[in-house]
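This report refers to the structure that appears directly beneath it.
Please treat every number below as a calculation from the coordinates, not as lab data. Computed from a predicted model, the values in this text were never measured in an experiment. Ideal geometry is used to build each Cβ from the backbone, glycine not excepted, and the neighbour counts take in all protein chains shown.
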Amino acid sequence: MEYISLKGTISSTIKVVSFTPYLVRFELKTPEQRYNCLVAKDAFNFVYLAHEGVQISIFGHFNKRRQLIVDKFHVKNVIQNLSIVR
């Protein structure tokens, strides 16, 4: 299995593909090309943190359909956009 690490921006809306197991799909745009990505691990947090146009770093591998399966992700500067309710 070949692992890859990429940085780019989310260029599509984040869509829930399946609820059992919870599976999320989005498109990652890098300077070289676009990737179809799937998130299964920690997908609830991904939906909460990420949105279209945000910069993201991902680590994952490709499946047989050449979709990038995300194992780890980091959403850049997400803390600045969150508000705290007291």
In deg cm²/dmol and to the nearest 500, what is the mean residue ellipticity at 222 nm of the chain if only DSSP H runs of at least 4 residues count, each as -39500 (n - 2.57), divided by the residue total? -2000 deg cm²/dmol
Scoring the chain by relative contact order with C-alpha pairs under 8 Å, at least six apart, yields a percentage of 30
Per DSSP, the loop-located trypsin sites (Lys or Arg not before Pro) within region 10-67 having at most 15 other beta carbons within 10 Å are K41, K64, R65, R66
I'd like the Karplus ³J(HN,Hα) series for region 57-69: coefficients 6.51, -1.76, 1.60, θ = phi - 60°, whole numbers in Hz, and an x wherever there's a Gly or Pro. 10, 10, 9, x, 9, 8, 9, 5, 8, 6, 8, 8, 8
Find the Rg to Rh ratio for the chain, where Rh is the Kirkwood radius over alpha-carbon pairs and Rg uses the same atoms. 0.97
Only Lys, Arg (+1) and Asp, Glu (-1) charged, at Cβ; region 3-81 dipole about Cα centre in debye: 220
Using 7 Å Cα-to-Cβ label points, what is the Y48/L23 separation (nm, one decimal)? 2.3
What spacing in nm lies between the two simple spin-label points modelled at S5 and Q33, each 7 Å away from Cα in the Cβ direction? 2.1
